[in-house]
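All remarks here apply to the structure that follows.
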Amino acid sequence: MKIAVVFQETGRFAGWPANYGMWRWDDEIVVGFTVGAHQTVKSGHAIDKRQPFINIQARSLDGGRSWQVEPFKGALPGGRGLSADEHMAAGLRLAEVMDARTVTVPREPLDFTKDDFALMLARTGLARGVFSFFYVSSDRCHNWAGPFRLPDFGETGIAARSDVIVQGAHEATFFLTVNKADGQEGRIICVHTRDGGRSFQRLSQVGADLDAHGDFSIMPSSLQLPERRLLCARRCRIGVDLRSHIDLFASDDLGKSWRWVSQPVRFEKPGHSGNPPCLLALRDGRLALLYGNRDSYAICARISEDGGITWSGEIVLRGGGANGDMGYVRAVVLDDGTVVAAYYFNDRPDGDGERFIEAAIWQP
């Protein structure tokens with residue numbers, strides 16, 4: 001196991017790679033995240049909501065062993081950060097300067113299979129009326145085109161993070177967190193495009209509603225197996241004591257319907273809302289599920305050898321966290337089977353250190 005620092009700066013809060021994305025071409029990797037101002041808090045995210053967040057990305061040319069930080073070179077409405085409104089005070093939020101009705105569709109169908117292509121989903125906030133959109137790059141994330149429109153699919157809000165399965169040059173399935181009827185997050189739906197992102201058709205909802213106030217199933221991580229089966233892992237919170245878990249669903253008809261498969265992770269401490277999953281297909285046919293464990297303040301993984309039906313015990317990739325303000329893993333698999341997993345972390349013993357981005361380089 002090797003741990004590499006991706007971004008760390010005194011007085012800054014760097015967080016949430018799972019909200020943005022991670023892309024690779026051979027040993028070149030790019031990961032997106034956001035950076036704001038650190039502020040001491042008693043609990044929760046150690047951020048100063050009166051200061052803006054900015055979008056950052058980091059690039060590795062050697063399979064994750066070293067990283068260079070660079071700006072996100074895409075159009076930011078009003079110069080404001082993406083996918084962070086819920087952490088911003090009034091006057092700094094993206095939704096205040098962005099109108100979903102003015103976001104355009106791509107002029108020509110996108111080629112999702114083109115060399116050096118990347119796609120990132122983004123959103124305004126989380127509550128009722130939130131809307132989402134996407135950016136694309138044709139040069140390995142050096143420049144981004146967009147934002148491009150995502151429909152609202154008749155929902156009270158769309159709060160998307162990047163989770164897309166490419167199935168052809170102009171064909172892909174997008175997995176989206178959508179708000180419930182009461183305007184709160186969330187449920188997961190999958191939608192499909194056959195014309196390179198110019199239009200979308202809703203396919204289905206992944207799993208049943210969690211209707212109770214405060215319950216949610218959000219932040220999908222999905223993949224397609226060689227036999228054309230789709231898998232989708234969900235971050236869930238349920239019950240009066242708000243216990244959290246990660247569960248797994250499968251579709252045998254390319255997203256038209258879903259069945260429950262397993263619950264790979266159950267968090268025992270109530271009230272901390274869990275952590276999003278990162279589901280990977282390993283080179284030898286096994287599956288890996290990576291996540292931040294807010295019970296133990298560690299970055300962890302589990303392995304399945306039977307397509308997600310059963311899972312190994314917990315494997316700790318990075319321990320020593322100071323509190324639950326950590327996790328949100330994004331990961332890629334290199335050609336030699338190595339997993340490179342990026343996450344945000346905090347390991348100062350008093351819990352008041354800046355949050356930073358690390359990468360764990362792991363051979364499962």
(request) Look through R286, R266, R229, R235 and report the one residue that is closer than 23 Å to V329 by Cα, open to solvent by 10 Å² or more (accessible area, probe 1.4 Å) and touching a Gly at 6+ places or on another chain (Cβ under 8 Å). (result) R235
(message) From the list H213, H245, exactly one residue is more than 23 Å from I361 (Cα to Cα), out of contact with any helix residue (DSSP H, G or I) (no Cβ under 6 Å at 6 or more places or on another chain), assigned to a strand (DSSP E or B) and not hydrophobic (A, V, I, L, M, F, W, C). Which is it?
(response) H245
(request) Report yes if D27 is under 25 Å from G292 (Cα atoms) and among the acidic types (D, E), otherwise no. (result) yes
(message) If the requirement is being hydroxyl-bearing (S, T, Y) and open to solvent by less than 60 Å² (accessible area, probe 1.4 Å), which of these qualifies: S138, S132?
(response) S132
(message) Of everything in segment 25-48, what is open to solvent by 60 Å² or more (accessible area, probe 1.4 Å), on the phi < 0 side of the Ramachandran plot and at pLDDT 95 or above? Give them in sequence order.
(response) D27
(request) Report, by residue number, each residue of segment 104-150 that is in contact with an Asp or Glu (Cβ under 7 Å, 6 or more places away or on another chain) and of a type in the set (S, T, Y). (result) T124, S138
(request) Say whether the condition of being closer than 27 Å to A46 by Cα and in a loop (DSSP other than H, G, I, E, B) is met by at least one residue in segment 330-343. (result) no
(request) Quick one: in segment 324-356, of everything that is open to solvent by 40 Å² or more (accessible area, probe 1.4 Å) and without any contact (Cβ under 8 Å) to a residue 60 or more places away in the chain, which residue is farthest from S60 (Cα to Cα)? (result) D350
(request) Please state which one of T173, T193 is under 20 Å from Y135 (Cα atoms), of a type outside the set (A, V, I, L, M, F, W, C) and free of Cβ contacts under 8 Å to residues at least 24 places away in the same chain. (result) T193
(request) State all residues of segment 295-334 that are closer than 17 Å to V6 by Cα and among the hydroxyl-bearing types (S, T, Y); if no residue qualifies, say none. (result) Y328
(request) Spot the failing condition for V97; the list is (1) within 22 Å of S222 (Cα to Cα); (2) open to solvent by 50 Å² or more (accessible area, probe 1.4 Å); (3) among the β-branched types (V, I, T), and only one is missed. (result) (1)
(request) Filter segment 183-214 for residues that are surrounded by 18 or more Cβ atoms within 10 Å (Cβ to Cβ) and of a type in the set (D, E) and give the result. (result) E185
(message) Quick check on this structure: which one of G255, G321 is in a loop (DSSP other than H, G, I, E, B) and open to solvent by 10 Å² or more (accessible area, probe 1.4 Å)?
(response) G321
(request) Look through R228, R243, R235 and report the one residue that is at pLDDT 95 or above and out of contact with any His (no Cβ under 7 Å at 6 or more places or on another chain). (result) R235
(request) Just name the residue that is surrounded by the fewest Cβ atoms within 10 Å (Cβ to Cβ) out of those in segment 49-71 that are among the hydrophobic types (A, V, I, L, M, F, W, C) and more than 19 Å from the chain's Cα centre (by Cα). (result) L61
(message) Given the options D152, D111, D116, name the one that is surrounded by fewer than 22 Cβ atoms within 10 Å (Cβ to Cβ), on the phi > 0 side of the Ramachandran plot and in contact (Cβ under 8 Å) with a residue 24 or more places away in the chain.
(response) D116
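The values are calculated or read from the model by the stated rules, or taken from the named source; none is laboratory data. Since the model is a prediction, treat every value here as computed from it, not as a measurement. Please note: Cβ atoms are built from the backbone with ideal geometry, for glycine as well, and neighbour counts cover all protein chains shown. All accessible areas refer to the heavy atoms of the entire protein, side chains included, with ligands and DNA or RNA removed. Shrake-Rupley method; radii C 1.70, N 1.55, O 1.52, S 1.80 Å.
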